[in-house]
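Engineer: Below: one structure in structure tokens.
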Amino acid sequence: LISSVDPKFLNLTKVDDQIYGEFRKTFKDLKIDVLDPEELKSEPAKEKWRPFCLRFEGVVEDFNYGTLLRLDCRQGYTEENTIFGG
């Protein structure tokens, strides 16, 4: 599904725009094209991610499930380029 639809037209939830807006408010300077694992997994990062995710409890089903992320969006899903965010 993800590879067959232009991502700008793909909505995974009814509140995608709200989630993205809140994401950008919380993580203003986070580069999303090439992720730094420290910005996702360090203790200071977890202190920001937990409250962010909890905002969507009751709004998004399975709001606290993890996901696989590509560290570099220009590369495919490989063991070296993938991290579990959760």
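The values are calculated or read from the model by the stated rules, or taken from the named source; none is laboratory data. These figures come from a predicted structure and were not determined experimentally. Note that each Cβ is placed from the backbone with ideal geometry, even for glycine, and that neighbours are counted across all protein chains shown. Accessible surface is based on the protein model in full, side chains and every heavy atom, while ligands, DNA and RNA are left aside. Shrake-Rupley method; radii C 1.70, N 1.55, O 1.52, S 1.80 Å.
Engineer: Given the criteria under 23 Å from Asn81 (Cα atoms), surrounded by 11 or more Cβ atoms within 10 Å (Cβ to Cβ) and without any contact (Cβ under 8 Å) to a residue 40 or more places away in the chain, does Phe52 qualify? Full working, then the answer.
Structural biologist: Details: under 23 Å from Asn81 (Cα atoms): no; surrounded by 11 or more Cβ atoms within 10 Å (Cβ to Cβ): yes; without any contact (Cβ under 8 Å) to a residue 40 or more places away in the chain: yes.
Judged against the criteria, Phe52 is not a match.
Engineer: I've got another one for you. When the residues of the range 55-68 are filtered to those that are free of Cβ contacts under 8 Å to residues at least 24 places away in the same chain and of a type outside the set (Ser, Thr, Tyr), which remaining residue is nearest to Pro7 (Cα to Cα)?
Structural biologist: Leu68
Engineer: Test Leu71 against the stated conditions and say whether it is at negative phi, open to solvent by less than 60 Å² (accessible area, probe 1.4 Å) and either free of Cβ contacts under 8 Å to residues at least 24 places away in the same chain or touching a Leu at 6+ places or on another chain (Cβ under 7 Å) (or both).
Structural biologist: yes
Engineer: Would you check which residues across the range 6-35 are open to solvent by 100 Å² or more (accessible area, probe 1.4 Å) and not in a loop (DSSP other than H, G, I, E, B) and list them?
Structural biologist: Scanning the range 6-35 gives Lys8, Phe9, Asp17, Tyr20, Lys25.
Engineer: Out of the residues in the range 36-86 that are among the small types (Gly, Ala, Ser) and not in a loop (DSSP other than H, G, I, E, B), which is modelled with the lowest pLDDT?
Structural biologist: If we filter the range 36-86 for residues that are among the small types (Gly, Ala, Ser), which is where we start, we get 42, 45, 58, 66, 76, 85-86.
Now drop any that are not not in a loop (DSSP other than H, G, I, E, B), which leaves 45, 85.
Details: Ala45: 89, Gly85: 80.
Filtering first and then ranking leaves Gly85.
Engineer: Residue by residue through the range 74-86, note down the ones that are over 21 Å from Thr26 (Cα atoms) and loosely packed, with under 12 Cβ neighbours inside 10 Å.
Structural biologist: Matches in the range 74-86: Arg74, Gly76, Tyr77, Thr78, Glu79, Glu80.
Engineer: Can you pull out every residue in the range 38-49 that is open to solvent by 50 Å² or more (accessible area, probe 1.4 Å) and within 28 Å of Ser3 (Cβ to Cβ)?
Structural biologist: Glu39, Lys41, Trp49
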